Each structure stands twice: as C-alpha cells, then as structure tokens.
Amino acid sequence: MPKRPAAGPAPIHSALLRPFRMATVLTVAMLVISLGFLAYTSWTSARRLQPLERHIQHLQGLQQTSADIQSLLIRHVESRSIPAPDEVAPIRRSLEQLLAQQAHLHPATPDRLRQARGFLEEQHSDPKTGLLAALTVIREALREENALQRDEVSETRRSVELELAVAAGVMLPVPLLAMLLLGAIRKKAFGSMARLARLLENVGNLNFDTTAPVPQDDPLADVYERYNEMASRLREASRAAEAHATALEGQVRAATETLLRQQAELENGARLATVGEFAARLAHELRNPISGISAALSNMEEEYPPGEERDRVRLIAEETARVTALLNRMLEQGRSHLEVPVEVDTARLVEDIVRLMRYQMADGLAMEVAVSSGQCVLPRDTLRQVLINLLRNASEALGNRPGRVRVRMERRDRHVVLSVDDDGPGYPAALLDHGIRPFNTTKPDGTGLGMSIIQRLVRSAGGEIQLGRSERGGALTVVTLPTGE
C-alpha cells in the first residue's frame, strides 16, 4: 500500500475554524445592525426633544412676561398710579426677544406677540389698558401653545414607544439567531471533534476498532482515515504483544514457582542445620540448581524491557542471590559469621517481599503495609528471611479463609521495629507462656523449628523478638533490630 503524503495542519485548522469565522462575522453583523438601529432611534429621539426644549423655554418666557405684567398692574392698582414708560419698556423688550427666538408652535403666536407689543407702545393713551390688553393676548397665546405642546409631547411619546417596540423586535431575535447559529456550529464542528474524542478514548482503553466511514465534507475525514490505518496496525501489534506477554508470564511464573520451591527447600535445610553435617550436604546439593536459576534469571532480566515483568524478575534474582549467600554460609564448617549490615531502603525492601509473597498466598488474603521510608543500616538478608517466615506463618494460619495480614515498620531512635499481625487463631497459650522452644509445635506436619530459626536469626543480629495477640485476636510478632549507625 503506497504511503500517503502527510497533510499539513493548516487545511484541518482552516476547515475547523471556518464555521467559527462565519459565526463571528454573522454575530458581529447582527450586533452592528442592532447598535446602528439603536443609535438611529436615539438620534431621532434627540431631534424630537430639541424643539420641545426650545418651546419649553419659550413658554417659560411667556409665563415670565405674563407674571411681570400682572405684578406691574397689581403694584399700580394698589398705589392708584399710572405705570411709567421705563417700567413698561422691559416687558416690551421681553416680547421682542420671544419674537426673535421663533420657538413657538402655534402659527398665530407671532401675531399675538406683535399685537401685545403694540399695546405697550409709548404712544398708547392709557398704559394700564395697554397692559391689560397685552396680558389678555399673552394668556391666549400661552393657552394655545400649551395645547400644542401637550399634543406634541403625546406624539413624541407614541413615536418613542413605537421605536422601542421596533427595537425590541429587532434585538430579541439576536440571541435566538445566535443560539441557532451555535447549534449549527456544534452539530458541524463539535460533532467532528466529539467523534475524534471518542476514538482517542477508545485508544486509551486499548480498543482499536475502526470507525465507520464519515462524509467527505467532514473537516476531519482525512484524520479518521488515518486513524483506521493506525488502529489496524495497533490491533495487530496488540495481539502480538499479548501473545508475547502470555509466554513471558508463563516463564516468570515457572521461575517463581521454582524459586519458591527452592526457598522451601532452603528453609528445610535451615531446620536441619541444627543436627549437623546433613544440612551442609543438602546445601551443597541446592546450590547447583540455584546457580542455574540465577544464570537464567540474569539472561531474562536483560531481555525484558523496563516494566513490571522486569521488576518481578529482578526480585526473583535478588532472592536467588540471597539464597546462594545463605547456602555459602551454611557450607562453612562450624564457623559462625555475622552478616555485615548494609544501607537498606526499608520501604523498598518490605514492598519487594510483600510483592513476592503474594504469589503463594490465598486470593482472599488482604495485605496492609505501613512502612516509614528512609535509609537504615541493617542486616538485609536476615531481615528479609525473618519477614518472609513471618508472612508465611500468617498465611498458613489463615489457610484459605479470607483474612488480613498487616505489616508495619518504623524507626525508634537507633532501632527498627517490625510488627506482623493477622486475623488467624493466634499463637498457642503454651507458646505465649513459656516462650519459643525447638521442636515444640501444634501443627500435624510441623517440625517445631520455624519460630526457633526466626529467633536465632533475630538474636544473631543483636535484636529481640516478642510474641503476643493482635487487636483482632490473631498472632502478633514484634521484632526489634538495632541499626548500625
């Protein structure tokens, strides 16, 4: 199959962004139209208000002129005098200013103002009569102007209300159109991205099924085609990897079972070590197969890629090396050599042992581990052997019943305290009352040397061991080892 040239990201980006660009343009256009209409209505309203504002000033001038005439008449009626020309002159000038402003609404207002001004001319025979006539004319003008102003205000209000109704009719569809537009975009663009997200989630879940054909106008059609090609290759690679992993799992399980069997044989040798030379001969016989296992494990560890399988092989190799070291010490004739303490990561050591022991424990057995991390100088192999024996004793005590084994380790000053407790029947009363004694056992097939070996290992490292009952009534073992710091 010829390899297709890789398409750049620009066409896909352009196809995905096209609906968003269209939506942006349409939304901006609708907003501009709406804002333009609002600006137009505001401008027309302002234009309508300008004549009304000028007319209000005109009415205020007419009212002020009427009030001045009334005040002048009242003052001279009370004094029974005739108004002087200089008193009438300001009123006449006010009428002239009102005529010059031309802010009237009624067409007859200018003639009425000229008529009133004529009544206030100096050549008029009776000033009081002229003032009264002018006041009458101004009041008539005020009445007509007020009536027209009310009509104009009513008309302006109706126009504004109409404009508001039209503006609301224009503005309300904008969100609806935007929602419809976004729905169309979501169906077009987001639908493609949602389909791609589902495909990527399938890959994350190791589901390499191909996707159904999609329309060619889909912006990610080329991506889906390439995904189908990738899924086919991944499906084939996954099948090959599963077959290889199954084969490796079988090899690791076989090696683990061999190691566990060798571990059991080593413990039997440790029990028989108290009787003398037979333990040395047995150790010599065990060292040969373990050497072969060590070589095989070394080769397997080099072949495995980094991961869980390689860690498990590494754990098995370390256990094999420890067993070999124990055999070498047993082969030394009659000489007792103490293990040299080394720097140990306690959390890592306990985690490795617990992981190893899970392979020979019942499925319903729960393990709880609480270990404070840190580096301590300890006899590493002794600590590993003690913890393995204690976990095996707890597992045998529980049998196939569901239960829980709890491992705790903490540092106290210059000592490390290891405690193991379980939900089993607990230690016999005789063992708690009289202490650990060799060949003392309640198991039908037991030798009575298991706890004696643990005690000998702990004391050889300068530590102490205490037996008791846990909070749940099971066995509790507390081992205290000094650190070499």
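We did not get these values from a lab; they are worked out from the coordinates using the rules stated. Since the model is a prediction, treat every value here as computed from it, not as a measurement. Every residue, glycine as well, gets a Cβ built from its backbone with ideal geometry; the counts of neighbours run over all protein chains shown.
Below is a table of values for the structure above.
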{"read-out": "Fewest-first sequence of VAL160, VAL354, VAL405, VAL479 by Cβ atoms within 10 Å of each Cβ", "value": "VAL160, VAL354, VAL479, VAL405"}
{"read-out": "LEU99 paired with GLU121, simple spin-label distance in nm, labels 7 Å along Cα-to-beta-carbon", "value": "1.0 nm"}
{"read-out": "ALA475 long-range amide H proximity, modeled H, under 5 Å", "value": "ASP422, GLY424, GLY426, TYR427, SER470"}
{"read-out": "Rh (Kirkwood; distinct C-alpha pairs) - the stretch 341-485, Å", "value": "15.5 Å"}
{"read-out": "Long-range HN-HN contacts of LEU365 with modeled amide H, under 5 Å", "value": "GLY403"}
{"read-out": "Cβ-based exposure ranking for HIS244, HIS104, HIS76, in which fewest neighbours within 10 Å come first", "value": "HIS244, HIS76, HIS104"}
